[in-house]
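The values are calculated or read from the model by the stated rules, or taken from the named source; none is laboratory data. Since we're looking at a predicted model, the values are computed, not measured. All Cβ positions, even for glycine, are placed from backbone atoms using ideal geometry, and neighbour counts span all protein chains on display. Note: accessible area is taken over every heavy atom of the protein model, side chains too, but ligands, DNA and RNA are not part of it. Shrake-Rupley method; radii C 1.70, N 1.55, O 1.52, S 1.80 Å.
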Amino acid sequence: MKRWITAVGALAMMSGGCDPIVFGPVEPQPTEEPPPSPNALAMRAGDWMLSLEGRSTSSLGLAENLLYPAPHPDSLVLFFSESVQECSRPLIHWPTPCVRGAHPFWQVILLIPPELNRPGLIDLRDHRIRIYHGVVTPDCGGGFGFSPGTWGASGKWEKTLEIVSSDPGSVSVKLDWGEPSLGWGQIDGDYTAAYCSAAPPVSPPSPGLAFTGARGSTTSGAVAAPDAGALHLTLGSAATSCEDPLSPINCTGTSRVTLRLPPSLQQPGIIDLTDPAIDASFAVSWGSAELCDAYDHVTGSFDGGTVEILSIDAGGVLARVYGSYTNLDFGGFDADGLYAASICP
């Protein structure tokens with residue numbers, strides 16, 4: 001190789017007359033800038049709402065759907081993007097004017113209700129989670145969208161968020177969004193989101209009740225074929241009491257999940273919600289006392305999901321429900337969460 005270079009140089013000198021031809025140094029090629037890294041911010045919903053007071057709805061666009069109706073102020077709001085996000089204005093707006101060829105951007109905002117804000121895996125199909133996503137492509141295309149959960153949203157439905165850990169200054173999460181749509185960057189990954197305000201408090205487990213089959217046979221919503229050795233659990237937002245744990249929920253706007261634990265399952269472990277041994281079902285009321293049909297509630301069984309018995313003793317049952325999303329003709333139902341069911345005496 002060295003001889004070949006020497007020969008070329010000699011040929012150039014002979015053919016160029018008296019003045020030698022000098023080869024200059026090779027110009028270094030400019031290095032491409034690495035794509036921006038995805039980043040995240042976190043806020044308490046109540047603090048974000050305060051920061052938006054006085055701004056016009058036109059400046060918020062579809063993102064205002066995240067805050068209507070007003071969420072619980074202790075909900076967790078997470079902002080994900082590969083563009084710069086600032087605590088003072090975390091919502092990224094469409095560039096005006098949009099210049100073709102400019103770097104595109106994407107943003108995903110998740111609003112997690114307090115009952116789901118604790119370490120563990122969260123099924124983003126849950127209709128209680130509010131999701132905003134926006135994208136602008138290099139040719140100034142793109143768009144924005146809002147949905148309660150990812151059911152019916154673009155891409156695969158089984159998207160998840162895992163809250164790995166949290167402290168007063170930040171929350172570490174793992175986002176599994178799946179294959180991004182055309183024009184999106186890589187969304188999946190591990191994020192550490194710094195809090196722009198005080199961290200929302202971690203909510204205690206949702207309450208529930210547990211009672212024996214013998215007691216269930218005497219209530220207004222008596223369980224079928226009561227088993228004196230079985231332990232029946234009622235979980236959810238519907239009011240309940242040991243005197244009448246299965247009281248009607250018509251026109252209450254609440255929901256109730258019931259399941260049975262035979263003696264063989266009264267121990268820590270994971271059980272499929274579709275297992276006939278536990279006869280899991282739900283009832284949900286869509287109405288309210290002010291405006292309601294007396295037969296507004298719907299009952300059904302789960303399409304999938306699990307219930308994990310974390311602990312059980314004479315005082316109560318601590319259980320976690322996950323992946324319970326069930327598609328209904330007019331919406332969806334979710335019972336995911338952590339529950340502490342006290343055992344009736």
(request) Name the single residue, out of those in the stretch 84-129 being over 21 Å from the mean Cα position of the chain (by Cα) and polar (S, T, N, Q), that is least open to solvent (accessible area, probe 1.4 Å). (result) SER88
(message) Suppose we keep only residues that are assigned to a strand (DSSP E or B) and modelled with pLDDT of 90 or more within the stretch 119-155. Which one would you say is nearest to GLN107 (Cα to Cα)?
(response) TYR132
(message) Just to be sure I understand, how many residues within the stretch 94-115 are in a helix (DSSP H, G or I) and modelled with pLDDT under 90?
(response) 0
(message) Conditions first: (1) in contact (Cβ under 8 Å) with a residue 60 or more places away in the chain; (2) within 10 Å of the chain's Cα centre (by Cα). PHE79 passes all but one, so which condition is the exception?
(response) (2)
(request) With respect to ASP272, determine if the residue is open to solvent by 30 Å² or more (accessible area, probe 1.4 Å), under 20 Å from ALA340 (Cα atoms) and modelled with pLDDT of 95 or more. (result) yes
(request) Could you please find all residues in the stretch 58-93 being in contact with a helix residue (DSSP H, G or I) (Cβ under 8 Å, 6 or more places away or on another chain) and part of a loop (DSSP other than H, G, I, E, B)? (result) ALA70, PRO71, HIS72, PRO73, ASP74, SER75, SER88, PRO90, LEU91, HIS93
(request) Could you please find all residues in the stretch 307-329 being more than 24 Å from SER241 (Cα to Cα) and either in contact (Cβ under 8 Å) with a residue 40 or more places away in the chain or open to solvent by less than 40 Å² (accessible area, probe 1.4 Å) (or both)? (result) TYR322, GLY323, SER324, TYR325, THR326, ASN327, LEU328
(message) PRO69 - would you say it is without any contact (Cβ under 8 Å) to a residue 12 or more places away in the chain and open to solvent by 20 Å² or more (accessible area, probe 1.4 Å)?
(response) yes
